[in-house]
Amino acid sequence: MQNLKITRAALSDRVATAYKELFSSRPVVQGQVIESQMPDEQLHYFIRQSLDRHYFVRLQFKSAPDVAPATASGYLSEDAAGHLVLKQDRLTTIVAPRLLRSIQRY
């Protein structure tokens, strides 16, 4: 007989994933909810708002149909060349808007 040690965080993650899979109207891949693709106008409008108002945002990137999409959270800014830059705690990433699926204020 094998004793399994389950932490409270691991159990909570399992319950949250099961809840998402059962009650979400959006598709779930590998425990992650897939947001619908935002229209380009809406995506650019939300990007502009997050830049102007300095919102903390969560980005979801496009992916293959059977793969969970990558997500990243942080503050968006623009560099001198006009590139979007996502600043996280210890990581700074250049973001291509054409690769985004959705953006949410977090």
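The values are calculated or read from the model by the stated rules, or taken from the named source; none is laboratory data. Since this is a predicted model, take the numbers as computed values, not measurements. A quick note on method: Cβ atoms are made from the backbone with ideal geometry, for glycine too, and the neighbour counts reach across all protein chains shown.
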Qualifying residue in the range 69-76 (condition: under 20 Å from residue 33 (Cβ atoms), touching a Pro at 6+ places or on another chain (Cβ under 9 Å), small (Gly, Ala, Ser) and surrounded by 15 or more Cβ atoms within 10 Å (Cβ to Cβ)): no
Spans of strands (runs of 3 or more DSSP E) in the range 54-93 with at least 3 residues within 10 Å of the chain's Cα centre (by Cα): 56-61, 71-78
Residue tally, condition assigned to a loop (DSSP other than H, G, I, E, B), at pLDDT 85 or above and either surrounded by 14 or more Cβ atoms within 10 Å (Cβ to Cβ) or touching a Gly at 6+ places or on another chain (Cβ under 9 Å) (or both), over the range 28-44: 1
Conditions (1) modelled with pLDDT of 70 or more; (2) outside the structural domain of residue 93 (by TED's automatic domain parsing); number of the one not met by residue 47: (2)
